[in-house]
Amino acid sequence: MDNWKKISFLVGVFAFMREFRPIEPFYAAYMTSPYINCTVEQVPKELYAVGSYSMFVLIIIIFLVTDYVKYKPVLIVDGIGGVLHYVAITNRPSKLRIQFGQAFYGFFFSAEVALFGYLYAMVEEKEFYQKITGHARAATLTGKFFSSCLSQILATTYGTPPFNALVYMSIFGMSSTTIWAIFLPPVKNSLYFPNKKKIEETSMGQSTVTIYNPQKHKDSQKIDNPENNSVVEPEDSVISTLYKDFKQSYSDPYVRKLCFWWAVAMGGYLQVYAYINVLYSYVLEENEDTEFTLYNGAAESLNTLIGAFSAFAISKVNWNWYSVGDIFFAVGSIIAAGVLLCCVYCRNLWYIYAFYIIYGMMYQTMLTIAESEVAKRLNKKCYGLIFGFNTFIAVCINTIIIFGVIQGHFIKINIAQQFLIYTVLYALLALFFFGSSVLKMFKDEGIVEYN
């Protein structure tokens with residue numbers, strides 16, 4: 001088996017098991033159930049907010065140390081963090097214990113950046129990046145689909161979600177993830193922290209800028225001194241090298257543009273994914289409907305199934321994304337904005353389920369292309385740095401919305417009105433990419449091929 005296929009399979013299994021968390025579609029319902037008895041207002045303001053603040057702090061640490069520990073240890077600890085998160089909400093937990101678990105969820109989410117960093121670090125051939133990104137994204141969404149289907153089947157069978165059973169199944173999923181991560185092949189060399197005992201030659205990878213400007217491309221070398229068998233280290237410190245790599249990676253306008261979409265869209269996705277279940281409970285409460293059977297698991301399973309199919313299908317499309325990407329992201333973002341706007345005013349839960357499914361399909365499809373296109377143009381050692389920074393910006397957006405809107409420090413709005421904020425985010429992205437497309441057309445650049 002080719003190496004890229006082997007790594008794609010191993011990472012795909014990890015991603016699938018990582019998403020086996022059957023409690024997630026009914027997490028908000030569990031928090032507001034008689035087992036815990038939180039109100040719909042307390043869930044986002046006092047519980048979810050802890051996880052968001054935890055993400056904000058930990059994502060900085062994660063993307064700085066990911067390369068130092070060579071990715072795999074972060075994946076192992078990621079699974080452990082998931083186990084601790086769900087252990088904390090077993091057996092009628094107190095609010096303090098739930099908040100403690102949310103802190104571990106912040107780490108669990110933050111460590112996701114190591115998954116794709118590991119994938120790209122283990123595969124040398126960049127021509128396969130679109131395929132392996134699509135495979136990993138499809139595996140992630142398939143895991144969510146299987147998990148959500150199971151939770152919905154159990155909820156329908158018992159007439160109400162068996163919350164404790166779903167929590168213990170989630171613990172099983174996280175434990176399996178941890179065990180699988182232990183047996184993943186290791187990344188052999190740290191890219192920013194090489195073994196000083198070895199004499200190595202390292203070179204900066206070429207971004208799009210250096211591809212078209214070869215004179216700007218210089219090799220960074222270590223010099224061997226044969227007299228004392230020592231290694232003369234480069235003058236640049238790790239911090240200086242990180243800064244140079246960061247600057248070089250973002251010197252490519254195409255990468256900057258895709259990273260902008262990635263960060264803002266992910267910031268919106270974090271909010272939608274966290275609060276869609278709260279919206280379901282809010283709508284039922286507002287409609288005073290106590291007899292409606294929740295189909296949160298079914299909605300989540302369809303969301304992920306269609307998203308997985310879209311991510312896998314788009315990975316097979318051989319378009320010149322530099323040429324057609326602006327229109328693609330503009331149209332996709334405006335569709336996402338449209339269905340989120342419908343969630344603001346709709347009070348029919350069946351329609352809201354449908355809007356969420358459409359949103360998930362569009363987001364996962366666009367994210368697959370954004371990730372693979374950025375990865376193609378990065379130096380191998382920059383994956384953790386750039387992916388981590390994009391996620392950090394997304395978490396910053398998420399945290400600002402949590403602090404200013406959900407906790408009411410800037411404005412006070414209800415759960416449904418929150419989705420108007422998310423609508424604005426995607427509408428601005430659509431406007432940006434439509435504008436970029438028009439500018440490109442006026443400049444008459446034509447199609448530019450990247451090697």
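The values are calculated or read from the model by the stated rules, or taken from the named source; none is laboratory data. Note that the structure is a prediction, hence the values are computed from the model and not measured. For neighbour counting, all protein chains shown are included, and Cβ atoms are generated from backbone atoms with ideal geometry for every residue, glycine included. Calculation scope for accessible area: heavy atoms of the full protein, side chains included, ligands and nucleic acids excluded. Shrake-Rupley method; radii C 1.70, N 1.55, O 1.52, S 1.80 Å.
Compare the peptides 70-77, 86-93 by average per-residue count of other Cβ atoms within 10 angstrom and give them in order, highest first.
Values: 70-77: 21.0, 86-93: 18.1.
Taking the mean over residues of other Cβ atoms within 10 Å, the ranking is 70-77, 86-93.
Pairing the Cα long axis of helix 321-345 with the longest principal axis of the chain, what angle in degrees results, from 0 to 90 and rounded to the nearest 10?
With both axes taken from Cα atoms, the answer is about 20 degrees.
Normalised by the residues of the chain, what does the relative contact order come to in percent, with Cα pairs under 8 Å and at least six apart?
Values: 675 pairs, mean separation 113.4, N = 451.
After rounding, I find 25 percent.
Two decimals is fine: what's Rg over Rh for the stretch 5-151, C-alpha atoms, Kirkwood radius as Rh? The partial results should precede the final answer.
Details: Rg = 16.7 Å, Rh = 16.4 Å.
Rg/Rh: 1.02.
Considering only the other residues whose Cβ falls under 15 Å of the Cβ of residue 111, what net charge follows from Lys and Arg at +1 and Asp and Glu at -1? Please list the in-between numbers first.
On the way: positive: 18, 21, 70, 72; negative: 19, 67, 78, 112.
Residues close to residue 111 contribute a combined charge of 0.
As I understand it, the dipole of the stretch 262-414 uses +1 on the Cβ of Lys and Arg and -1 on the Cβ of Asp and Glu, about the Cα centre. Which of 284, 385, 341 lies farthest toward its positive end?
Going by the charge dipole, the pick is 385.
Magnitude of the Cβ-charge dipole of the chain, K/R +1 and D/E -1, about the Cα centre, nearest 20 debye?
Working: 34 positive and 33 negative charges, 95 e Å.
Result for the chain is approximately 460 debye, rounded to the nearest 20.
Report, to the nearest 10°, how far helix 349-376 tilts away from the longest principal axis of the Cα atoms in the chain, using its own Cα long axis and a range of 0 to 90°.
10 degrees
So what's the back-of-envelope 222 nm ellipticity for the chain, counting only DSSP H runs of four-plus at -39500 (n - 2.57) apiece and dividing by all residues, rounded to 500?
Working: 16 runs with 302 residues, N = 451.
Dividing the helical sum by the residues of the chain leaves -23000 deg cm²/dmol.
How far is helix 415-443 tilted, in degrees, relative to the longest principal axis of the Cα atoms in the chain, given as a value from 0 to 90 rounded to the nearest 10?
Roughly 30 degrees, rounded to the nearest 10.
Using the alpha carbon gyration tensor of the chain, what are the three equivalent-ellipsoid semi-axes (square root of 5 times each eigenvalue), largest first, in whole Å?
Details: eigenvalues 296, 137, 76 Å².
For the chain, the semi-axes come out at 38, 26, 20 Å.
If you take every residue apart from residue 37 with its C-beta less than 11 Å away from the C-beta of residue 37, what net charge results, scoring Lys and Arg +1 and Asp and Glu -1?
Once positives and negatives cancel, what remains is +2.
Restricting attention to the alpha-carbon atoms of the stretch 253-382, what are Rg (one decimal) and Dmax (integer), both in Å?
In Å, with Rg to one decimal and Dmax whole: 16.7, 55.
On the protein heavy atoms, probe 1.4 angstrom, tell me the percent of accessible surface of the chain carried by carbon and sulfur.
Working: 12790 of 19810 Å².
Result for the chain: 65 percent of the exposed heavy-atom area is carbon or sulfur.
Would you work out if the stretch 83-180 is rounded, prolate or oblate? Take a ≥ b ≥ c from the square roots of the eigenvalues of the alpha-carbon gyration tensor; rounded if a/c is under 1.5, else prolate when a/b is larger than b/c, oblate otherwise. Walk me through the numbers before you get to the answer.
Details: a/c = 3.27, a/b = 1.65, b/c = 1.98.
Oblate.
Which entries of 6/188; 131/247; 257/440; 45/95 have Cα-Cα distances beyond 18 Å here? Mind showing how you got there, number by number?
Values: 6/188 16 Å; 131/247 27 Å; 257/440 13 Å; 45/95 12 Å.
Violating the 18 Å Cα-Cα cut-off are 131/247.
What accessible area per residue comes out for the chain, rounded to a whole number of Å², with a 1.4 Å probe? Could you put the intermediate results ahead of the total?
Working: 19810 Å² over 451 residues.
So the chain comes to 44 Å² accessible per residue, rounded to a whole number.
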